[in-house]
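Step one of this worksheet: look at the structure below.
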Amino acid sequence: MPTVTRAYLDQRLAVANRCSKEAAMAGAKAAAVATVAAAVPTLASARMLPWARAHLNPTGQALIISTVAGMAYFIVADKTILSMARKHSYETAPEHLKNTSFH
């Protein structure tokens, strides 16, 4: 088994940092879109529907909107990290493992 050099570890750390920053940006973009997508129907229904007007106070409306935004952030960030890890693990795999054909 070959020894691991400091340069190799620094390179892997730089890749991990880049992937985490990219995942955080993708998650933030998804959270912004989800916030708007959840806020419009939540706020509209709280003003137009009698049941929502009676049961959804401003705290409940904020909770619904922020929950959707948080879920979108973590789901997209997690999927981005997993897809990048899969891509990088395939790139560094030995040749005999890259051959996925059944012939």
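The values are calculated or read from the model by the stated rules, or taken from the named source; none is laboratory data. Note that this is a predicted model, so its numbers are computed, not measured. As a convention, Cβ positions derive from the backbone with ideal geometry for all residues, glycine included, and neighbour counts pool all protein chains shown. Remember, those area values only see protein heavy atoms, side chains included, never the ligands or the DNA or RNA. Shrake-Rupley method; radii C 1.70, N 1.55, O 1.52, S 1.80 Å.
Listing for the model above:
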read-out	value
Boolean, V36 is surrounded by 13 or more Cβ atoms within 10 Å (Cβ to Cβ) and either among the basic types (K, R) or in a helix (DSSP H, G or I) (or both)	no
Hey, R12 out of contact with any Gly (no Cβ under 9 Å at 6 or more places or on another chain), under 27 Å from T67 (Cα atoms), open to solvent by 80 Å² or more (accessible area, probe 1.4 Å) and in a helix (DSSP H, G or I) or not	no
Residue selected from the range 47-82 under the condition small (G, A, S) and without any contact (Cβ under 8 Å) to a residue 40 or more places away in the chain, by the criterion farthest from K29 (Cα to Cα)	A54
Search result, residues across the range 46-55 that are assigned to a helix (DSSP H, G or I) and surrounded by fewer than 15 Cβ atoms within 10 Å (Cβ to Cβ)	R47, M48, P50, W51, R53, A54, H55
Of residues in the range 79-103 being open to solvent by less than 60 Å² (accessible area, probe 1.4 Å) and in a helix (DSSP H, G or I), the one modelled with the lowest pLDDT	K98
Count of the range 56-66 residues which are open to solvent by 60 Å² or more (accessible area, probe 1.4 Å) and touching a helix residue (DSSP H, G or I) at 6+ places or on another chain (Cβ under 9 Å)	4
